[in-house]
Amino acid sequence: MKKDKIKIVAADIAECAIFVALMVAGAYVQIPFYPVALTFQTVISVLAGLLLGWKKGMASMAVYCFMGLVGVPVFSAGGGIFYVLKPSFGYIIGFIAAAAVAGLVAGKPEASFRRYLLAAVSAFLVNYAVGIPYCMVAAKLLNVENLTGLFLTGNLLYMPKDFVLCVLAAVLAWKVAPIIFRQRGRLKHSGSDNASE
């Protein structure tokens, strides 16, 4: 019985680790763009919630954030506690919230595509709802003069790209999530069968 529980916990940790690794890769795989390079972290955070559920999705994003704050260079510009002063750090906090919202709204893996789409779009909006205010407040504290320009080119400019990617994430999750959850269920069912023997 203990071995089966260990297997389940190990599988959960492995799933979370995969999304932490994807977030790190997403920070460094960039498309050059002005004023900030395009990354794929928003869609990865949304997928974490859709495919892992809200608890593990949120946990994986929180681990990513923690790693960066303690100095592991996992953010697009490195890491360290002083990263909280960067206007873009609000989006890193937003990744945690986005994963949680995506998982909560999606609910059961057998949900309809409409439900997955609602979950992905909701998570996308939450990420920006956290990221934009943080960006503007941090920029104000740093005495950035052109706040309107920053709002437009540093925030709104990226929304269409992230929106399209989140819609694609909904399609992917709708197809893949039931398979993942079935495999997870088989592992847990196997554990309960072994325990009853």
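Across region 30-171, Cα-Cα pairs farther apart than 23 Å form 33% of the total.
Fully extending the segment from LEU85 to ARG115 would add 7.2 nm, taking 0.36 nm per residue of separation and subtracting the current Cα-Cα distance. With all protein chains kept in place, the per residue accessible area of region 1-146 amounts to 51 square angstrom at a probe of 1.4 angstrom.
Ranking PHE66, TYR91, LEU50 by how far each Cα lies toward the positive end of the dipole of the chain (charges on Cβ) leaves LEU50 at the top.
Given +1 at the Cβ of Lys and Arg, -1 at the Cβ of Asp and Glu and no other charges, the dipole of the chain around its Cα centre is 500 debye to the nearest 20.
In this structure the amide hydrogen of LEU38, modeled in the peptide plane, comes within under 5 Å of the amide hydrogens of ILE31, PHE33, none closer than 5 places in sequence on its chain.
Between the beta carbons of LYS140 and PHE66, assuming R0 = 25 Å, the FRET efficiency works out to 0.40 to the nearest 0.05.
First compute the accessible area of the chain with a 1.4 Å probe, then give the percent of it belonging to carbon and sulfur atoms. Carbon and sulfur atoms account for 73 percent of the accessible area of the chain. Modelled spin labels at PHE151 and VAL176, positioned 7 Å past Cα toward Cβ, are 3.7 nm from each other.
In this simple spin-label approximation, LYS55 and LYS2 carry label points 7 Å from Cα along the Cα→Cβ vector, and these lie 2.2 nm apart.
The eigenvalues of the Cα gyration tensor, multiplied by 5 and square-rooted, give region 1-111 an equivalent ellipsoid with semi-axes of 26, 16, 12 Å from largest to smallest.
Pairs of Lys residues in the chain, spaced 8 or more positions apart or belonging to different chains, with C-alpha separations under 14 angstrom: 7 in total. If you plug each phi of region 123-137 into the Karplus form 6.51 cos²θ - 1.76 cosθ + 1.60 with θ = phi - 60°, what whole-Hz ³J(HN,Hα) values come out, in order, with x for Gly and Pro? Taking θ as phi minus 60°, the curve returns 5, 4, 5, 5, 4, 6, 5, 8, x, 5, x, 4, 4, 5, 5 Hz for region 123-137.
Using alpha carbons only, the radius of gyration of region 100-154 set against its Kirkwood radius gives Rg/Rh = 1.23.
The values are calculated or read from the model by the stated rules, or taken from the named source; none is laboratory data. Keep in mind that what you see is a predicted model, and the values were worked out from it rather than measured. Backbone-built Cβ (ideal geometry, glycine too); neighbour counts: all protein chains shown. Accessible surface is based on the protein model in full, side chains and every heavy atom, while ligands, DNA and RNA are left aside. Shrake-Rupley method; radii C 1.70, N 1.55, O 1.52, S 1.80 Å.
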